[in-house]
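Student: Next up is a structure, given as structure tokens.
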Amino acid sequence: MKMRSIILGYLLFCSVASAQTGKIDSSEMVTLRIDPQTARGAAVSQVFSEVEFIPLETTKESLFGNIHQLKIVDDNYVIFDYDTKAILVFSKDGKFKSKINASNIQPEKNGKNKTEFNSFTVEKENNINYIVVFAHPRAFYFDLTGKQIKKVMIKDYYKQNTSRDFKIANNSTSIRPDFKVKKGKDSTFYELGIINKTDSVGYFPYNIKRYETDEFWGSGERFYKYGVENEMFYLNYYSYNIYKASPSKLSLAYHIIFPAANSLPNDFTTNPVYVKKRGEYFRNNPKIFYGLSNTYLVGNNLYLKMHNYGWDTGMKKALIYNLKTSELTSVQDLEPDSLSFFLPVTDASGNFYDFINNGFHMYENGYFYTNYSSLAMFTFKEQSEGKTTKYPPSLETYFKTQNKKSNPIIIKLKPKQN
């Protein structure tokens, strides 16, 4: 399955009555010239100081395919599996707790369509976290035991909630994706807005009908809590720029220049020859990077991941760039060592696809979280036979009681700062 997505216009907006169009500050922009193929591998212990493998309990009820979405809620792992269209809750040590799927949702009267959802969000009300899923025309609230608490109309939910907002600066500032500003009968749409108590600023205005007239290839999330308090990284379509959103402004932090063989044409977003033919262009030019993802800053280390149409496993597309030394490390070429019990920390080097598809699910409280399948884990164990004689208790039990068809493994990694 190729990693690509064409955005067709699933958008729900929270609007304000007035705002100004902001100017992007590029006064501190840093230009990075990066040739991914020159990146070298490194031992796992050179990059990370802690590695933990967390098997997820496999039962008849908890068995699922893959981790499409992962969040930590009240010390629990909440997972959405696209294959089974289910949300599963596991404790921090991997014990299965509950499951939410379409059978938990009572269909609408005279409903002709099968109940289905494709993701979840988390809402806090009265200091209690709820899992919220959207099954048109309602939003359903569940607690962590999988019990449905309430349901509301989606239109009413969005009048009352700003769940897509990212709160920073002690919740005094919101960074809002797809920011809508109403002026009388007219509206202006921005890629993002920075909303404070005193003013609101929008950046990158666009025509709402653009999804009907062109193709937009996404490379994953466009907003990242990247490790610095009160700041976020933002990525735009068809761009190698990394923007930094703070309480007061949006600034251009890094401008990346890749080799010509990997780079989009300079006029890719302006020349009409590419309109409605962007997918065709990427298919014909499989080495071109159409976007970035997984942008995090940990100490001096800038993490990033590039996306292209092709599946050339020889291409290095997940990198760590040291801003101090310019050293370039390839994540897919990290060498297992005693810190990781001689097991890989991603499946990128083993012709598996979880890390290629998803990268790091998140960076939270100083740790990266990723995953791979039990098929990959047992394959890696066989390959590392004889290199270690002792695994941690959870892995010992896992290897004795599970098999290649068991649930995926979460990998928790603490990156070094320099």
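Student: Can we say Val181 is touching a residue at least 12 places away in the same chain (Cβ under 8 Å), over 24 Å from the mean Cα position of the chain (by Cα), more than 22 Å from Phe120 (Cα to Cα) and buried (at least 16 other Cβ atoms within 10 Å of the Cβ)?
Tutor: yes
Student: Same structure, new question: Here are some residues: Gly310, Gly386. Which one is modelled with pLDDT under 95, out of contact with any helix residue (DSSP H, G or I) (no Cβ under 7 Å at 6 or more places or on another chain), on the phi > 0 side of the Ramachandran plot and not β-branched (Val, Ile, Thr)?
Tutor: It is Gly386.
Matching residues to (1) surrounded by 18 or more Cβ atoms within 10 Å (Cβ to Cβ); (2) touching a Leu at 6+ places or on another chain (Cβ under 6 Å); (3) small (Gly, Ala, Ser); (4) closer than 16 Å to Ile67 by Cβ:
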{"residue": "Glu364", "(1), (2), (3), (4)": "no, no, no, yes"}
{"residue": "Thr389", "(1), (2), (3), (4)": "no, no, no, no"}
{"residue": "Pro392", "(1), (2), (3), (4)": "no, no, no, no"}
{"residue": "Ile409", "(1), (2), (3), (4)": "yes, no, no, yes"}
{"residue": "Lys416", "(1), (2), (3), (4)": "no, no, no, no"}
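Student: Considering only residues that are under 25 Å from Ala39 (Cα atoms) and either assigned to a helix (DSSP H, G or I) or modelled with pLDDT under 95 (or both), look in segment 238-272 and name the one that is nearest to the chain's Cα centre (by Cα).
Tutor: Asn262
Student: Another question, if that's okay. Scan segment 18-29 and tell me whether some residue there is out of contact with any Asp or Glu (no Cβ under 6 Å at 6 or more places or on another chain), among the acidic types (Asp, Glu), in a loop (DSSP other than H, G, I, E, B) and under 30 Å from Ser200 (Cα atoms).
Tutor: yes
Condition check ((1) closer than 30 Å to Ala318 by Cβ; (2) basic (Lys, Arg)) across all residues:
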| site | (1), (2) |
| --- | --- |
| Gln148 | no, no |
| Lys155 | no, yes |
| Pro177 | yes, no |
| Thr198 | no, no |
| Tyr206 | yes, no |
| Tyr237 | yes, no |
| Ala245 | yes, no |
| Leu252 | yes, no |
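Student: Among Phe368, Phe399, Phe342, Phe378, which is assigned to a loop (DSSP other than H, G, I, E, B), touching a Lys or Arg at 6+ places or on another chain (Cβ under 9 Å) and among the hydrophobic types (A, V, I, L, M, F, W, C)?
Tutor: Phe342
The values are calculated or read from the model by the stated rules, or taken from the named source; none is laboratory data. Since the model is a prediction, treat every value here as computed from it, not as a measurement. Here the Cβ is made from the backbone with ideal geometry for all residues, glycine too, and neighbour counts use every protein chain on show.
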